[in-house]
Amino acid sequence: MKTQEQVETLNGQTYPSSYGYMYPQSSQMRPCVVFDGGNRFIKWIDPSNQVKIIPSCIKEVSEYQWKRLRPDPETVLLEVDGKRYVVGKLAQDLGGEPTFQKDKCELASILALVAIEPNPGSNNVHVSKLAIALPNSLNDGDVAAVKRLENYPLTKEFKRNGEHICYTVANVEPLDETLPAFLYAQSQGFFSFPEVKNAVWDIGGGTAIARIYLPNGTLIHDAEVILPGTKTLAQQVAVEMKEVFNLDFSPNLADIMDAIQKGDCVYGTDRLDFSDIYQNACEKWVDAARAEIRSKWTQHLPQLGEVLVVGGSANLAAPICEASGDRFRIAPEPQLFNIVAMAHLAGNTNG
């Protein structure tokens, strides 16, 4: 398995870089920009080929509040068409809207601007291809929403963290969320039996999508499994918490999901421990996932090689992985596996 170079990202955590892949940059040209506007985290690769990750949350603020904002390393500030948006950790802290409560494809025309960065020393950038991850690239409405980012040969202007940027985007390429991961895993030798069917299971905040692929990358449509992601788990936990702790309010889903992400399952300044509630919800989720996969994959399992589990909530599948005898395996750095895979796939197709 390939050794992963580690890099320091915006929030001080260590994540893999894009595995040594470099795009040829020129002063005002970026051949390919990749963007994954996930329901929990926004990920992209910057002009220096570094993976960036910030919370997926947005808040529009007034001019007066804008003047009082303080810089934050996990936040991007955008000024677009006379409006001011805070994206990331600061938006979260200010009570902004998490992407999982909205339509992330409809929000892409704003959120994707965090990835529109000129090369160092320039305020102008032409993006030949902007690759965007979608749950289903055959959904015409979602594709139309992200395609609104295309503007070439016209130019658009906005400010990113106070810097004026003039940009054009020639082509937006929607990518199914599991396809880049499959092709990258196949090319890097993650599958022990690449000559047979293999699968990718992407478990995120909104959905958990499992898809089986033939060796040439063809999706087996009738084997697609779509399950709820951690948003639904958080909703179940919130209902139980309100009853168990006799709360007179509904716990905030984003705060629950953050506590799950940290691994402590402690809520708020009262430090309510919901670990037992979460464990019970997880067990039900695992049972439902196991049943759905068995139902949809019955005829494919005898010829199926391995299932690579990716996504920010990949650890939910740990019990299934343990019971499978390594047939199901969690990818290294599963949170960022997709964005790295996108960089390689998009960069090697028409880039």
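Order Lys129, Lys89, most accessible first, counting only protein heavy atoms with a 1.4 angstrom probe.
Ranked list, largest accessible area first: Lys89, Lys129.
Rg over Rh of the stretch 177-332, using C-alpha atoms and the Kirkwood radius, what does it come to? Don't skip to the answer; put the middle values down first.
Working: Rg = 17.2 Å, Rh = 16.5 Å.
For the stretch 177-332, the value is 1.04.
State which helices in the chain qualify, where a helix is a whole DSSP H run, it must extend 27 Å or more along its own axis by its Cα atoms, and its mean Kyte-Doolittle hydropathy must be at least -1.0.
Answer set is 275-297.
Pick from Gly217, Gly121, Gly204 the residue whose mean-square fluctuation is largest in a GNM of the chain, springs joining Cα atoms under 10 Å.
Gly121
Over the stretch 106-204, what is the relative contact order in whole percent, taking alpha-carbon pairs under 8 Å and six or more residues apart?
Numbers: 123 pairs, mean separation 30.1, N = 99.
Answer for the stretch 106-204 is 30 percent.
Calculate the spin-label point distance for Ala170 paired with Glu283, positioning each point 7 Å from the Cα along the beta-carbon direction, and give it in nanometres.
Spacing of the two 7 Å Cα→Cβ label points: 5.7 nm.
If I build a Gaussian network model for the chain, linking alpha-carbon pairs within less than 10 angstrom, which residue out of Arg40, Arg30, Arg271 has the largest mean-square fluctuation?
Arg271
Given a cut-off of 28 Å, name the pairs among Lys67/Lys89; Lys43/Lys284; Lys52/Lys102; Lys129/Lys296; Lys59/Lys296; Lys104/Lys156 whose C-alpha atoms lie farther apart than that in the structure shown.
Working: Lys67/Lys89 17 Å; Lys43/Lys284 30 Å; Lys52/Lys102 22 Å; Lys129/Lys296 35 Å; Lys59/Lys296 40 Å; Lys104/Lys156 21 Å.
Pairs exceeding 28 Å: Lys43/Lys284; Lys129/Lys296; Lys59/Lys296.
Counting Lys and Arg as +1 and Asp and Glu as -1, what is the net charge of the other residues whose Cβ lies under 12 Å from the Cβ of Val286?
Overall, the nearby charge balance is -2.
Could you check how much of the accessible area of the chain is carbon and sulfur, as a whole percent, using a 1.4 Å probe? Don't skip to the answer; put the middle values down first.
Details: 7550 of 15820 Å².
Whole-percent figure for carbon plus sulfur exposure: 48.
By the scheme Lys and Arg +1, Asp and Glu -1, what is the net charge of all other residues having a beta-carbon under 14 Å from that of Ile165? Walk me through the numbers on the way to the answer.
Numbers: positive: Arg30, Lys156, Lys159, Arg160; negative: Asp46, Glu79, Asp81, Glu117, Glu157, Glu163.
Taking every Cβ under 14 Å from that of Ile165, the sum is -2.
Counting each pair of different Cα atoms once, what's the Kirkwood radius of the chain in Å, rounded to one decimal?
For the chain, inverting the mean 1/r across all distinct Cα pairs yields 21.1 Å.
Mean separation of Cα pairs under 8 Å and 6+ residues apart, divided by the residue count of the stretch 177-332: what relative contact order is that in percent?
Details: 228 pairs, mean separation 39.8, N = 156.
25 percent.
Roughly how much of Leu214 is accessible, in Å² to the nearest 10, using a 1.4 Å probe?
Only protein atoms counted, so the area is about 60 Å².
Extent of the stretch 29-175 along each principal axis, from alpha carbon coordinates, in Å, largest to smallest?
Largest to smallest, the principal-axis extents are 37, 36, 28 Å.
Could you tell me how far the Cα centroid of the stretch 93-155 sits from the Cα centroid of the stretch 165-234, in Å?
After rounding, the separation between the Cα centres reads 19 Å.
At a temperature of 4 °C and a viscosity of 1.567 mPa s, determine how fast the stretch 231-302 diffuses translationally according to Stokes-Einstein, using the Kirkwood radius over alpha-carbon pairs as Rh; express D in µm²/s, rounded to the nearest whole number.
Stokes-Einstein gives a translational diffusion coefficient of 97 µm²/s.
Considering only DSSP beta bridges with both partners in the chain, what is the antiparallel share in %, to the nearest 5?
65 percent
For the stretch 133-240, what percent of Cα pairs sit more than 17 Å apart?
Details: 3882 of 5778 pairs.
In whole percent, the long-distance tail amounts to 67.
Please check: in the Gaussian network model of the chain (C-alpha springs, under 10 Å), which one of Ala238, Ala115, Ala131 has the largest mean-square fluctuation.
Ala238
What accessible area, in Å² to the nearest ten, does a 1.4 Å probe give for Lys102?
Accessible surface of Lys102 is approximately 90 Å².
Roughly how many Å² is the accessible area per residue of the stretch 177-332, as a whole number, for a 1.4 Å probe?
Ligands and nucleic acids excluded, the result is 47 Å² per residue.
If you take every DSSP beta bridge fully contained in the stretch 177-332, what fraction is antiparallel? Give it as a percent rounded to 5.
Taking every DSSP beta bridge with both residues in the stretch 177-332, the antiparallel ones total about 60 percent.
The values are calculated or read from the model by the stated rules, or taken from the named source; none is laboratory data. This structure is a prediction, so every number in the text was calculated from the model and none was measured. Glycine also receives a Cβ, built like all others from the backbone with ideal geometry; neighbour counts cover every protein chain displayed. Surface areas here come from the heavy atoms of the whole protein model, side chains and all, with no ligands, DNA or RNA. Shrake-Rupley method; radii C 1.70, N 1.55, O 1.52, S 1.80 Å.
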